[in-house]
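Visitor: If you scroll down you'll find the structure; I have some questions about it.
The values are calculated or read from the model by the stated rules, or taken from the named source; none is laboratory data. Keep in mind it's a predicted model, so treat the numbers as computed, not measured. Heads up, the Cβs are rebuilt from the backbone with ideal geometry, glycines too, and the neighbour counts pull from every protein chain shown.
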Amino acid sequence: MAGGGAMRRAEAGGSAAHWEPGSQILWRYRENAGARFHIARPVTVVRDDDEILAVWMAPGTECVKPALADGTPLHQEPLESRYTKPRTVQRDRWFGTGVLKLARPGEPWSVWLFWEPGWRFKNWYVNLEQPLARWHGGVDSEDHFLDISVHPDRSWHWRDEDEFAQAQQDGLMDARLAALVREAGRSAVEVIRAWGPPFSDGWQHWRPDPSWTVPALPEDWDRTPVQMSS
């Protein structure tokens, strides 16, 4: 996994370090109401500057994802007990087409692009989350359950409102944070309605460099980060 050697200093007097295109980093999420990491995805940097971080998660990437300790797949567990049953993590691979992830500094969401086989664009996905924290080996966040799907015709709809409500009921999110997440969602909707960046930037026409290799999942994927300047 590439680290500081693949970084450059920001131009125009900026103080934040950026990764060079082609660098391989980790995109991680902490568990809600906890300190451990339960999602880790090796990705390749497409662009990183003061405006945006864009990364590519290639098909077949080995990842870490949360799992129920009794072996029941998360999506098969009833919502009422999905967040309260004992959990562990497991290694798996990202199958299907890859995902392009876009995040602007300090913004409480990231925007993911999905394609059907043959590069037929499917949709944008707004993942509401804690603003990314940069560290030497990648970026960290905490998922906030509520999401938005945005379609090629610019229509949109909320996603996972039931999970958002259940997370509050189960104590994974207090009322203050839930209100902030709703506010962030409304701000994202304003961007969608105005068709602002990154939706207007043509990222759906982007394609990965064919010379890139699929990043490996490091053994120390859950290591404690050393924070970078932001």
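Visitor: Return only the number of the condition from (1) in a loop (DSSP other than H, G, I, E, B); (2) among the polar types (S, T, N, Q); (3) touching a residue at least 40 places away in the same chain (Cβ under 8 Å) that residue 141 does not satisfy.
Guide: (1)
Visitor: Only one residue in 153, 162 is more than 16 Å from residue 54 (Cα to Cα), surrounded by fewer than 16 Cβ atoms within 10 Å (Cβ to Cβ) and either in contact with a helix residue (DSSP H, G or I) (Cβ under 7 Å, 6 or more places away or on another chain) or modelled with pLDDT under 95 (or both), so which one is that?
Guide: Answer to the check: 162.
Visitor: Report every pair of residues separated by at least 6 positions or lying on different chains whose Cβ atoms are under 6 Å apart, first residue within region 68-92 and over 20 Å from residue 164 (Cβ atoms), second surrounded by 10 or more Cβ atoms within 10 Å (Cβ to Cβ) and among the hydroxyl-bearing types (Ser, Thr, Tyr).
Guide: Going by the 6 Å Cβ cut-off, the qualifying pairs are 69/88.
Visitor: Something else about it: So residue 148 fits all but one of (1) closer than 15 Å to residue 57 by Cβ; (2) aliphatic (A, V, I, L, M); (3) free of Cβ contacts under 8 Å to residues at least 60 places away in the same chain; what number is the exception?
Guide: The number of the failed condition is (1).
Visitor: Mind listing whichever residues of region 19-67 are in contact with a Phe, Trp or Tyr (Cβ under 7 Å, 6 or more places away or on another chain) and either charged (D, E, K, R) or without any contact (Cβ under 8 Å) to a residue 12 or more places away in the chain (or both)?
Guide: 28, 30, 41, 48, listed by residue number.
Visitor: For the structure I just gave you, tell me whether residue 146 is of a type in the set (A, V, I, L, M, F, W, C), modelled with pLDDT of 95 or more, touching a Gly at 6+ places or on another chain (Cβ under 7 Å) and buried (at least 18 other Cβ atoms within 10 Å of the Cβ).
Guide: Yes, satisfied.
Visitor: Answer yes or no as to whether residue 120 is modelled with pLDDT of 95 or more and over 15 Å from the mean Cα position of the chain (by Cα).
Guide: The answer is yes for residue 120.
Visitor: Answer yes or no: is there a residue in region 211-220 that is within 21 Å of residue 125 (Cα to Cα) and among the acidic types (Asp, Glu).
Guide: Within region 211-220 (the criterion being within 21 Å of residue 125 (Cα to Cα) and among the acidic types (Asp, Glu)), the answer is no, since none of the residues qualifies.
Visitor: Can I ask one more? Could you figure out which of (1) of a type in the set (Val, Ile, Thr); (2) within 14 Å of residue 102 (Cβ to Cβ); (3) modelled with pLDDT under 95 isn't true of residue 224?
Guide: (2)
Visitor: Considering (1) farther than 27 Å from residue 59 by Cβ; (2) free of Cβ contacts under 8 Å to residues at least 60 places away in the same chain, say which one residue 201 fails and leave the rest.
Guide: It fails just one condition, (1).
Visitor: Filter the strands (runs of 3 or more DSSP E) completely within region 1-56 down to those with at least 3 residues that are crowded, with 21+ Cβ neighbours inside 10 Å and modelled with pLDDT of 90 or more.
Guide: Working: elements: 7-9, 17-19, 24-30, 37-48.
Ranges flagged: 24-30, 37-48.
Visitor: While we're here: If residue 92 satisfies every condition in (1) surrounded by 14 or more Cβ atoms within 10 Å (Cβ to Cβ); (2) part of a strand (DSSP E or B) but one, which is the exception?
Guide: Result: residue 92 passes all but (1).
Visitor: What number of residues within region 57-81 are out of contact with any Lys or Arg (no Cβ under 7 Å at 6 or more places or on another chain), surrounded by 13 or more Cβ atoms within 10 Å (Cβ to Cβ) and hydroxyl-bearing (Ser, Thr, Tyr)?
Guide: 1
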